[in-house]
Each structure stands twice: as C-alpha cells, then as structure tokens.
1. Which one of B:Lys117, B:Lys43 is touching a residue at least 12 places away in the same chain (Cβ under 8 Å) and within 8 Å of chain A (Cβ to nearest Cβ)?
2. Given the options A:Val396, A:Val483, name the one that is touching a residue at least 24 places away in the same chain (Cβ under 8 Å) and farther than 30 Å from A:Leu202 by Cβ.
3. Tally time: how many residues in segment A:32-83 are in contact with a Ser or Thr (Cβ under 8 Å, 6 or more places away or on another chain), at pLDDT below 90 and among the aliphatic types (A, V, I, L, M)?
4. Does segment A:428-439 contain any residue that is more than 14 Å from A:Ile466 (Cα to Cα) and assigned to a helix (DSSP H, G or I)?
5. Kindly indicate the residue of segment A:38-59 that is within 11 Å of chain B (Cβ to nearest Cβ) and of a type in the set (A, V, I, L, M) and also surrounded by the fewest Cβ atoms within 10 Å (Cβ to Cβ) among those meeting that condition.
6. For segment A:80-102, indicate whether the set of residues that are more than 17 Å from A:Asp20 (Cβ to Cβ), more than 11 Å from every other protein chain (Cβ to nearest Cβ), of a type in the set (A, V, I, L, M, F, W, C) and exposed (fewer than 12 other Cβ atoms within 10 Å of the Cβ) is non-empty.
7. Working only within segment A:120-133, note down all residues that are in contact with a helix residue (DSSP H, G or I) (Cβ under 7 Å, 6 or more places away or on another chain) and facing chain B (nearest Cβ under 8 Å).
Amino acid sequence: MLKSLQEEFLQKNTQVIVVDQEAKVLDTTNTLMRVKKDTLLTDYHPFFYSITSLFDQEKASHYFYCVQIEVLSKQCFFDIRVHIDPKKAEAVLFIIDLTDHYKSVHQIKQVRNESIIDFNMAQELNNQLEVQRGFKNKFLANVSHEIRTPLNSILGFINVLQGTALNREQLDLVNIIKSSSQNLTAIVDDLLDISKIEAGRLEIKNKRFDFREYLDRLSATYALQAEEKRLEFTVEIGEKIPKFLVIDHLRINQILVNLLDNAIKYSHKGRVTLKVFTQSRNLRKIPLTIEVIDQGIGIDQEHISTIFDSFTQIEKQGLFGGSGLGLSIVKQLTELMGGQITVESTKDKGSTFRFTLDVGVSHDQKRKKIEKRKTAIEPVAKTDRKRILLGEDVEVNQLLLLKLFADRKEYSLDIAKNGEQVLKFLDNYHYDLILMDLTMPIMDGFDTAARIRSHSNKRINKLPIIALTARRSDEDREACKEVGMNAYLTKPLDEDLLFGTIQKQINKYKRKKDTD
Amino acid sequence: MSVSKKIVLLGHFGVGKSSLLRRFVENTFSENYTVTIGVHIMKKEVLIGNQPVTLIIWDVEGTDDFTKYRPSYLLGASAFIYVFDASRKVTYSDLSYNLDHLSEKYPHVPVHIIGNKVDLVDVEALQQALNEQNIQADYLSSAKTGENVEQLFTDVAAQMLKNA
C-alpha cells in the first residue's frame, strides 16, 4: 500500500532524465516536461546549459533548489539533483516538482520583503529629512548670529543717539528706527529659538515660580497694550490655580506673550480674554489650561491646519508684521513641555487658542524665596576710577562701548583686539574688570578667560570677567561658566544692565578681596 | 561558434536584479515588485567583436548575507554582478563584507558592482555616499530607463571573454 502511494507520488512529481556528456537525452520519464530522446537538453531551458560544464568535474552530485522553469506556459519550481557518472560518461537528472510548496513560500516572502523595503525607504526618507533639518538649523543659527552682531551696534548707537540733544522730530524718527530694530531683534531671536528647538538643543528648566504674581504683571502689561488699540482686556484666573508652580517660566512666558501679542495684533475691536484654570486641586501636579480668546479677524478653515507651521501668516499683505514663526514656536514649546495646543476660529469672529499641560505644584505655597540681597550700586568717587579692559575685535563694537563709557566718568576703558592682547595688557596694567567678547581672532574669549584663571598672579587670576556676546545659546553660557567667567551679557547690550553688572561684579570682587 | 558563460546576479532583495535581467533580455520593465525565490535563469546572445557569446544569467533570490547563498547557484560562474539599490543605503552598507566573502570563496570569479535605480536619486549625493564608504561602482544603472543596462552586460561579457 505504502509502496504504491510512494510510487504514485514519485510518478506524478518527479522526472528522471539521462544525458550523455554532450547533454544529448538518452532516456527520460517525461513526467513533468516533455523532452525528446536524442535531442539536446540544453535546448529546453538555459538552466541545462549551465550544468553541462559540471559533467567533467570530479564531484559526482549537485543539488539545485527551487529552479524556476516554465512548462507549457506555467511557472514551475523544481528541485533538481544532478548525478554524474564519469565512468559511463553520463549524467542523471532527478527533477522534483515542488511548485505548490514554493508558491506558498513565495507569498510569505513577498509580504515580508515588501514590508522591509517600505521600512528601509521610510528610514532613508527620515535620514534625508534629518540632514536637511540639520542644515536648515545650522543655517538659521549662523545667519541669526551674523545679523545679531550689526544689529547690536545699531541698537547701541540708537541708545547713544537718544541721549543727545535731539529736537522732537528727530526724536520721533529715532524712536521709529529703534522700534523697527527691536522688531528685527525679536525675529532673529525667534529664528534662533526655532533652530534650537528643532535641533533638540532647547531644554525645559522647571523651577518654582510665583505664577499668580506673574499673571498679574502680564495682565497689567497687556491691559495697557489693549487700551492703546481701544480693545477690552479681561483676565479670568480660576480659584484653584496655585500661587507657586514648578514650571519653566521663561518658556511659559514666551508662549503667552506670543499668543497675547497675536490676539491684540489681529483684533480691531471687541475683547481679548486670558483665561487660566484647572479642574484639579491635586497638591503635586495639576492639568493647567490657558486660553487666549479674541474677537479679531479669525482664521478661515483653509488655513487653520497650517497655522502652527513655520513662516505661516494669516494675512500675507504685511499689514501685521512679524516673521510667522511665533505660533510655530508656541506649538513646539508646548509639546516640548509635554502639553498640547489647539485652536478654534471663525473668520471675522475671532479665535480661541487653548493650551494644556501638566505642571508641578510647589509644596510650599506661602514662603516667598528669600531673594538674594541685591548689591547696591555704590557711587564711585572720581579718585576711585575703575579701569576696565575690553577684549573686542570688531571696530564698530569698540566704538559703541567707547561711547557708552565716555559718559561714565567713574570708569576708564582700554581696548584689546584679541585674547593675546588682553593677556599682554593684564601683565602690564592694573584692571578692575574685564569685558570679554567670545569670538575673537588669534585667541577667543573662552581660551583667554581660561588662561586668566590659571595665571600665576593672584591680582590677575581673580579679576571679574563679563562675557559679551551675540551668541545666546545655553551651551555658550555653560562654557563661559566652565572657564570661570563671572557674568554673561548678550548683545544688543542694555546699557543699564551692562553698567549694573559691571558695578555688581566690581563690588563683589572688592568684598571678596577685603575678606581674604 | 558561440561561447556560453554563466553570470550570477547577487544582492539584497528588491534592488532590481530581476528588472535588470528583464530589461536586458526582453527590454521590458514593470514597476511592480515580485520577489524572486530560488533562481530564475535567462539567456541572451551578445556579439563581442565577431565573437557571439551566450550569456546564461542566473538571477538568484536576494539576501543581505551572501554567506547564505547556496553554493550550487554560484557554481561554475564566470562573473558575479553585485547589484545594490542606489536609493536604499542599507543595500550597500554591507558591500565590503559581502565582497570579502565572495573573494574568499570564489577568488577567480570577477565581481562587477552595479548601483541600480539611479533614476530615483541625486547622482552627486549618491557618489558622495559611496565615496564615504569607499565603494567604487562599475556602473550606475536604471532598469526603468534602461540607462547603462545593455552596456554593463556587454562589458561583463567582453571581460569574461578576455579572461577566458
């Protein structure tokens, strides 16, 4: 019984062909494919061509898996065993039909390979996008930095100009230039933020923060701005909102400022409302919801899906100014903080921007952190004139600092063009403080500061150093700390902040020297 | 009298080995991807000078690990054509590893390296990526457009004839 079944299977699914060394068919069972005796096997399929070269090899047997051969227009899959008998100068081919088996394998492999290829393609696309994004971010960061440097000079000189004897008309014009320059600075700052967020270099730093006090200050500012446009401004703060939250106050401020600026910018009448509420009284974490509602120009449905994309503005006619980066920053910051932002809007009726995020609640809701004792700016007698050394290579920046210092009789200013010169000056003269640009030729600010700190002379190595830079990155700030700089000021320089910081650092240095 | 030579097409799956073969033998192309299992063999006669050469081309199932190729498929080959997909880095990132295996097991069989699907990529960027990996492709081809297909098989045939 078994034998007859086996024979039946073999008869149906196998074919035996005997050929001589020239591939002439000597005998065949013709079960699977019709092959005529005394013809050349190589004429039936190119596979047989290739194997004729094996006939004179020493190895007696070869097995070929899954050979595709078309038989009567049907694609078949055969396993073929070739047995060579050199003594008889013959070869025997055993052809086994495994078409059904290989077809099922084929289906599985087709699905598997397709999904792997799709995955590879997606990866490839991702890599390309990463490269493009990296290039874009680097470009944005570089361009922003390059723009910031001359912008610093413009704003600095505008401040100087404002302090001169100008008539009313001139003062108005200077104010316009100043306002435009400040707008430009804001755009450059936005570009830098976008590049940092997209490069994953922007960190969220949550700290204890008096949120209610902040909201009061924010409301007061925007109430004034709204009033200028004859808009009503209302604030609704839910009673469950704690006073102290643990949150990145810089970023939450950036989000709210962007949303409120937009609400006022895009409203000609009606009311702008800021709503802050939570449903939870949890003592550790609460879901915070903030809504900025306006009755302004609104957004049509066509644009609503792209409103959070970079460089998108509802009004393209330039009526409202700005770079179109604000909402993109808002969205990315919200997501970076683990929150979500949505918008509902009707054209000509207004918009509601709503963002929600989980924020920590400070365990101490009463105590106001003891603020560090502010160092009073002590008046300096003329005899006690402080000598400042500036390391700065850009002439226009040198000139600006000279102008600023010209009106400050309590200081004198020396200028070194690079880090090497700074070190030389320090060896030859006595200084009370160093202002250090970070990007200088020959020796940059970081290197110079590090050398000052490791100087053998105590008079030199303890001198306060203030970094002055157009670079605003956290990395640079950290790097300045690492090399021992005492303060970090970004350009465009704020005159009051500059002299406040100088005096603070000098006083601190003096106190320390006295106690040593 | 025609000389017959066996060529084996090797490479990852989905790189276009079967498409290159069909373009060369039948001058056809299909956008649809059909997996090759086992081996599919086609032949074509080309003329090198006055010498007709019958190319028996084995299009074997793609794999990323050449050590898994069944030795019987590669037996008796006069040339290997290593095909990679120019639009998928993963298909050429392990090229040197696979080449090492071939040169160890089949030291006398020349290997020709072909970057297929160039119609899908920026050739300059591809060249840069290949240079970074020290890959010198013999041909950049497209089975879809036919670019370099006839040329590469004819050159391989000429080379085999020269080596014979």
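1. Sole residue among the options that is touching a residue at least 12 places away in the same chain (Cβ under 8 Å) and within 8 Å of chain A (Cβ to nearest Cβ): B:Lys43.
2. Just one listed residue meets the conditions, A:Val396.
3. 0
4. Going through segment A:428-439, the residues more than 14 Å from A:Ile466 (Cα to Cα) turn out to be A:428-430.
So of that shortlist, the ones also assigned to a helix (DSSP H, G or I) come out as A:428.
Looking through segment A:428-439, at least one residue is more than 14 Å from A:Ile466 (Cα to Cα) and assigned to a helix (DSSP H, G or I).
5. Looking at residues that are within 11 Å of chain B (Cβ to nearest Cβ) and of a type in the set (A, V, I, L, M), I get A:Leu54.
6. Within segment A:80-102 (the criterion being more than 17 Å from A:Asp20 (Cβ to Cβ), more than 11 Å from every other protein chain (Cβ to nearest Cβ), of a type in the set (A, V, I, L, M, F, W, C) and exposed (fewer than 12 other Cβ atoms within 10 Å of the Cβ)), the answer is no, since none of the residues qualifies.
7. Just the residues of segment A:120-133 that are in contact with a helix residue (DSSP H, G or I) (Cβ under 7 Å, 6 or more places away or on another chain), to begin with: A:120, A:124, A:133.
Matches in segment A:120-133: A:Asn120, A:Glu124.
Yes/no matrix, rows are residues, columns are (1) without any contact (Cβ under 8 Å) to a residue 24 or more places away in the chain; (2) under 18 Å from B:Val35 (Cα atoms); (3) basic (Lys, Arg); (4) in contact with a strand residue (DSSP E or B) (Cβ under 6 Å, 6 or more places away or on another chain):
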position: B:Ile57; (1), (2), (3), (4): no, yes, no, yes
position: B:Thr67; (1), (2), (3), (4): no, no, no, no
position: B:Leu74; (1), (2), (3), (4): no, no, no, yes
position: B:Ser78; (1), (2), (3), (4): no, no, no, yes
position: B:Ser93; (1), (2), (3), (4): no, no, no, no
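The values are calculated or read from the model by the stated rules, or taken from the named source; none is laboratory data. Note that the structure is predicted; figures quoted are calculated from it, not measured. Virtual Cβ from ideal backbone geometry, glycine too; neighbours counted across all protein chains shown.
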